[in-house]
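Structure, as structure tokens:
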Amino acid sequence: MLELQHATVADDSALVQRVRRGETAAFDTLVRRHMKSAFAVAYRILGQREDAEDLVQEAFVAALEHLDTFDLGREFRPWLLRIVANRAINARQHRERRRTEQIPEHAPAATRSPAVAVEQHELQERLRIALDSLPERQQTIMRLAGYEGLNSTDIGEILHIPAGTVRWELHQARRALRAALAVCRGREP
Amino acid sequence: MTDHELDRDPVLNTEEQQALDSLLAEPELSAGEWDSLRDRIERACELPLARRRQAIRPRRAAVAKWLRPALPLAAAALLLIVLSTQLDLGTGDRQPGGELGVAERTLLADVSDAEFAQLVSGEADAAALLLMAVSEE
């Protein structure tokens, strides 16, 4: 597993060197390899597909423009995802400042019974409100932690904080969510 | 606290965790949608990639850089060479036995002041000059 990781790092570094010379094929390989993670991170932070797609495109352009600052001895993926996450966090903050209404993309699944679907939707809505009320960093960590491809070390690299801090913030965020949900339940008739 | 310990952290119950996962999970994109996104990214990156390709050709770029201002200079030099060659043709036959140039032939010719003025002004035609010569004789 470790060898595979080293191989990927070396492979990515070789690709980055070729992309620095403007090789389209090498860039295409990098895009194919990391586009899905980039989209997942963007979507999890922004919560909207079109915004996430736009952001991934912008992030690749930005990565290409700043490729000379990339340290070839390090992993490419966290470096790219950091660009994605930073831009997504900025975009979300900008969107919240404008206070535009967010259209929830997660409609109740058609396969469930209407009652279960409504209940599930209400729970999701409560969770969304509770999540939005978390401090910025906890919120971002909580959103990224659910993505299978990222562990606390990856998230730490993306957000430039120690992995231990990520785990602690995640724990605190879960507790805060739980507390918020309990309050909601307490208000229910 | 390790990842494993956190995974066992029973803060959210199963239903809540599922709802949270469902809330945050990115949508499933079809192969065509991924291709479309990749195309978008690559189109947007065409120009920066082209700039990079351009930047790695410093020798050609340097030649082009120096060639651009050098072209007018080269043209001016060529013009000077052509002009000086023509001047040599006009004035260089002063050696004995050499053929004289048009201007020199005109100056040395046995013509009156009136004919000379006509010739220099360029107004005279052959018939006028002939009449002038006959009348003088």
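Nothing in this text is a laboratory measurement; each read-out follows from the coordinates by a stated rule. Here the structure is a predicted model, which means the values were calculated and not measured. Note that each Cβ is placed from the backbone with ideal geometry, even for glycine, and that neighbours are counted across all protein chains shown.
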Summing +1 per Lys or Arg and -1 per Asp or Glu among the other residues with Cβ less than 13 Å from residue A:26's Cβ gives +2
Rounded to a whole number, the mean other protein chain Cβ count within 10 angstrom for residues of A:43-52 is 2
Each residue of B:33-42 has, on average, a number of other protein chain C-beta atoms within 10 Å of its C-beta equal to 5
Mean Cβ-within-10 Å packing, highest first, puts peptides A:119-128, A:152-161 in the order A:152-161, A:119-128
Where a ≥ b ≥ c are root eigenvalues of the Cα gyration tensor, a/c under 1.5 meaning rounded, otherwise prolate if a/b exceeds b/c and oblate otherwise, region B:14-59 counts as prolate
